[in-house]
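**Q** Attaching a single structure in structure tokens format; questions to follow.
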Amino acid sequence: MFKFLHKFGSPPYFYNFINKILPYLYIIFFGLLLYGMYGALITAPADYQQGNSFRIIYVHVPAAWMSMFVYMVMASCAVVVLIWRMKMAQIMLISSVAVGAIFTTIALVTGSIWGKPMWGAWWVWDARLTSELILLFLYIGVLALYNAIEDKKIAIKAVSILVLVGVVNIPIIHYSVEWWNTLHQGPTVTKFDKPSIHIDMLIPLLVMAVAFKFYYIINLLHNAKNQILISESTTSWVKDMVKKQS
Amino acid sequence: MISYDEIMEFMAMGGYGAYVWSSFAISFALMIWGIISPVRNLKKIKKDLLKKYQRQELLGKT
């Protein structure tokens, strides 16, 4: 077990491992995506209140879930960075920021497009929407802070602290629809009793959520490769690899 | 066979076609960009590193 962990903590091993595993991840991702999209667009029946416009849920909700999930992964990495200073945790944290911002943007934009026909407005200053917008600013802020500090050892510490402070926003996003009277509808899937959604609608949604998880892993690994090369640029394995490939 | 009318009806999404399709299009465009950008960046990083190593070697030799 420790030998296994030690191997993954070693950058050259991890870099090669990423290259080996990526094609399989792409296959799984596209498989899930095709199946999920088929279910989302064809087999799922139209909603009795919202008609076919509800199909936006199949990108909106997985993206919104992932926007919070990615942030929690970053927060866990931040704890590891501050306590143990593990290099891999630093790389994971920084590599997650871009994809987290992408998921948050998807959730906000598709939500806005969905809001227009259903609520009659592109945007309202509702608790759920506002807290999700703050999450987007947090992602942008983390990226800006990391790039603004020249010494990356100090930068990663500052970023970790910012990420941990921002964690307070996550429960606010999740419970905003229950704490305040919002225009945004309440949860339909993560309720403690039975989810109030038909099974034919629910299955494609869950498939899409898993597909988005795979997209996160793929995107994370692509960014992690870049981060590994930058942070290991003085080592001989990076030198040999770069020279060999040119 | 699927008729032209059936395809048009499917695309119209009961009048919500523009909203539904633009949502999916924007989402997938962002996701594709999210992959292309780091892949391009990797090439640039490798190029820059190669230049840096070559410069270091030249300085070392003289």
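**Q** Build a GNM of chain A with springs between Cα atoms under 10 Å: which of A:Met88, A:Met118, A:Met74 gets the top mean-square fluctuation?
**A** A:Met118
**Q** Given the Cα atoms of the stretch B:4-61, and with Rh set as the inverse mean 1/r over their pairs in the Kirkwood sense, what is Rg to Rh to two decimals?
**A** Values: Rg = 23.5 Å, Rh = 15.3 Å.
Value, to two decimals: 1.53.
**Q** Please give the charge dipole size of the protein assembly as shown, origin at the Cα centre, charges +1 on K and R Cβ atoms and -1 on D and E Cβ atoms. Round to the nearest 20 debye.
**A** For this selection, approximately 2040 debye.
**Q** Compare each residue of the stretch A:48-86 in its chain alone against the assembly with all protein chains, and report those whose accessible area goes down by 20 Å² or more; 1.4 Å probe, heavy atoms.
**A** A:Asn52, A:Ser53, A:Arg55, A:Ile56, A:Val59
**Q** If you don't mind, there's one more thing I want to ask. How far is the Cα center of the stretch A:130-167 from the Cα center of the stretch A:229-246, in Å?
**A** Between the Cα centre of the stretch A:130-167 and that of the stretch A:229-246, the gap is 28 Å.
**Q** May I ask for the angle, rounded to the nearest 10°, between helix A:152-166 and the longest principal axis of chain A, with both axes built from Cα atoms and the value confined to 0 to 90°?
**A** Roughly 20 degrees between the two axes.
**Q** Something else now. Any idea what the dipole of the stretch B:4-61 comes to, in debye rounded to 20, about its Cα centre with Lys/Arg Cβ at +1 and Asp/Glu Cβ at -1?
**A** Dipole size: approximately 1140 debye.
**Q** Related question: log10 I(q)/I(0), Debye, Cα-only the stretch A:65-224, no solvent, q = 0.09, 0.10, 0.20 Å⁻¹?
**A** -0.34, -0.41, -1.32
**Q** Right, next: Just to confirm a number: summing +1 for Lys and Arg and -1 for Asp and Glu over residues other than B:Ile35 whose beta-carbon lies under 14 angstrom from that of B:Ile35, what do you get?
**A** Surrounding charge for B:Ile35 is +3.
**Q** If I take the Cα coordinates of the protein assembly as shown and project them onto the principal axes, what are the three extents in Å, biggest first?
**A** 77, 50, 38
**Q** Considering the options B:Leu30, B:Tyr53, B:Tyr16, tell which one lies farthest towards the positive end of the dipole of chain B, charges being +1 on Lys and Arg and -1 on Asp and Glu at the Cβ, about the Cα centre.
**A** In chain B, that residue is B:Tyr53.
**Q** Let me ask you something else. How would you rank A:54-62, A:218-226, B:22-30, highest first, on the average number of other Cβ atoms within 10 Å across their residues?
**A** Answer by packing, highest mean first, reads A:54-62, A:218-226, B:22-30.
**Q** Using a simple charge model, +1 on the beta-carbon of Lys and Arg, -1 on the beta-carbon of Asp and Glu, nothing else, what dipole does the stretch A:59-195 show about its Cα centre, in debye to the nearest 20?
**A** Roughly 300 debye for the stretch A:59-195.
**Q** Here's another thing I want to ask about it. Which whole number gives the average, over all residues in A:91-98, of C-beta atoms from other chains lying within 10 Å of the residue C-beta?
**A** What the average comes to for A:91-98 is 1.
**Q** A further question follows. Shielding of B:25-37 by partners, i.e. mean partner chain Cβ atoms within 10 Å per residue?
**A** 6
The values are calculated or read from the model by the stated rules, or taken from the named source; none is laboratory data. Predicted model, so just to flag it, every value in this text is computed and none were measured. FYI the Cβ positions are ideal-geometry reconstructions off the backbone, even for glycines, and counts take in every protein chain you see. These accessible areas exclude ligands, DNA and RNA; they are computed on the full protein's heavy atoms, side chains included. Shrake-Rupley method; radii C 1.70, N 1.55, O 1.52, S 1.80 Å.
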